[in-house]
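A short write-up of the structure that comes next.
The values are calculated or read from the model by the stated rules, or taken from the named source; none is laboratory data. Source: prediction; values computed, not measured. When we count neighbours, we look across all protein chains shown, and the Cβ atoms used for this are built from the backbone with ideal geometry, even at glycine. Protein only, heavy atoms only, side chains kept; ligands, DNA and RNA dropped before computing areas. Shrake-Rupley method; radii C 1.70, N 1.55, O 1.52, S 1.80 Å.
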Amino acid sequence: MRFFQKTKCTLKCLLWVPAALCALYFTCPTVNIFIGFLPMEKCTLEHGKLPTLDNSVDVSLDFWSRTDVQTCTTWKAPIIWEGMFDSKHYDQNHKKEGSSVALTVFAVGRYLDEYLETFLNSSEHHFMVGLPVSYYVFTDMPEKVPHIDLSPQRTLKVIKVQRHSRWQDISMMRMKAISDVIESDIRHHSTHVFCFDVDQVFTGRFGSEALGDSVALLHAYYYHLPKSFYTYDRNPKSKAYMETGDFYYHAAVFGGSWKSVKSLVEACYQNIMEDKQNNVEALWHDESHLNKYLWLHKPSRVLSPEYCWDTQIGYRSDIQVTRLLWAPKQYDKLRTP
């Protein structure tokens, strides 16, 4: 009897190990650095074999130029890292094909004053330079949107949205707003859509190599971790419930063709509303629903954490460039009513 009690106690302790290690990971810089030495899986694509092609120019991707990281998924979609692509080749191809991009961003409440101007100005220098870009700024205070000197072939539209009392609701309800503007406007003008959180700053090229039919982003804090550490929603009552998945994706950046993005945001919104009717809220809100959708509908392109990096993680040898950085978070200041 005592043996079984000890075994039960040991098993309970083991179940807490991942949670404890995860807490250490987010709070201890030394652990962050150590995690960077955990090897990633490797691309199993054979030389001479073609990946899943989003664009004809993808045949030029060099999957073996980065032996230190995973450069393709198990379903043969590319994972884009510095050194894999020729930026001029991609830009020329997308200009020839007439690619154009809509960028959506939400700046509600204090987030507008704190982040929006820096986000938009940095985007002008780094996001899809040379391609037509239409900005869609969703805000509860249109009169406070700053003036931005836009480059040729770039436009900015401001869309007024309701301000919810809870930041979680703002985050989740953006899915409905994005779906509506794709239907009413974006689909008539742009071939692709990218959706961003506003508390970020572009610091390097975020270019046409990122364009694809369905584009997801590896979360900077999870890409080296075993799947057992991924914070999927584990509540069976939620529509976001997952037992396992492929990667942990970051909802701060996602995109694709307007049709694919519309399908994604509509599905996430429907699942969010069904959860609400059942008095359930997913663990990480819209990000949990996005991860569930992208597990069921595999993305055709995955962006490495270069495309949304947090300097608080510290040095990582596999991050050779940073293209978009997390801005300093001030949740206590910005998320209070």
For region 274-320, what are the residues that are hydroxyl-bearing (Ser, Thr, Tyr) and either free of Cβ contacts under 8 Å to residues at least 60 places away in the same chain or in a helix (DSSP H, G or I) (or both)? Ser288, Tyr293, Tyr307, Thr311
Looking at region 181-199, I want the residues that are within 14 Å of Val265 (Cα to Cα) and have a partner that is open to solvent by 30 Å² or more (accessible area, probe 1.4 Å) and of a type in the set (D, E, K, R) with Cβ atoms under 6 Å, at least 6 apart or on another chain. Which pairs are those? Ile182/Lys262
Any residue in region 58-73 that's closer than 21 Å to Asn93 by Cβ: show its pairings with residues that are of a type in the set (Gly, Ala, Ser) and part of a loop (DSSP other than H, G, I, E, B) at Cβ separation under 9 Å, as long as the two are six or more apart or on different chains. Asp58/Gly212; Asp62/Gly83; Ser65/Gly83; Thr71/Ser65; Thr71/Ser304
Subset of region 120-152 that is assigned to a helix (DSSP H, G or I) and within 16 Å of Arg205 (Cα to Cα) - its residue that is most open to solvent (accessible area, probe 1.4 Å): His125
Residue, most open to solvent (accessible area, probe 1.4 Å), within region 283-311, restricted to residues that are in contact with a helix residue (DSSP H, G or I) (Cβ under 9 Å, 6 or more places away or on another chain) and modelled with pLDDT under 95: Trp284
Could you tell me whether any residue of region 102-119 is at pLDDT 95 or above, part of a loop (DSSP other than H, G, I, E, B), farther than 29 Å from Tyr222 by Cβ and open to solvent by 10 Å² or more (accessible area, probe 1.4 Å)? no
Just checking, which of Phe63, Phe37 is more than 22 Å from the chain's Cα centre (by Cα), in a loop (DSSP other than H, G, I, E, B) and farther than 23 Å from Phe196 by Cβ? Phe37
Inside region 212-228, can you point out the residues that are under 13 Å from the mean Cα position of the chain (by Cα), open to solvent by 10 Å² or more (accessible area, probe 1.4 Å) and within 19 Å of Arg316 (Cβ to Cβ)? His219, Tyr221, Tyr222, Tyr223
Among the candidates Glu209, Glu183, which residue alone is surrounded by fewer than 19 Cβ atoms within 10 Å (Cβ to Cβ) and at pLDDT 95 or above? Glu183
Pull out all pairs, ordered by first then second residue, where Cβ-Cβ is under 6 Å, the residues are six or more apart or on different chains, the first lies in region 122-142 and is free of Cβ contacts under 8 Å to residues at least 60 places away in the same chain, and the second is of a type in the set (Phe, Trp, Tyr) and open to solvent by 30 Å² or more (accessible area, probe 1.4 Å). Phe138/Phe106
Please determine whether any residue of region 273-282 is of a type in the set (Lys, Arg) and modelled with pLDDT of 95 or more. no
Is it the case that Asn271 is assigned to a loop (DSSP other than H, G, I, E, B), among the polar types (S, T, N, Q) and over 26 Å from Met84 (Cα atoms)? no
Taking region 260-269 as the search range and keeping residues that are touching a Lys or Arg at 6+ places or on another chain (Cβ under 8 Å) and farther than 14 Å from Ser288 by Cβ, which one is least open to solvent (accessible area, probe 1.4 Å)? Val265
Region 244-255 residues that are open to solvent by 10 Å² or more (accessible area, probe 1.4 Å), paired with ones that are among the small types (Gly, Ala, Ser) (beta carbon under 8 Å, 6 or more apart): Phe247/Ala216; His250/Ala220
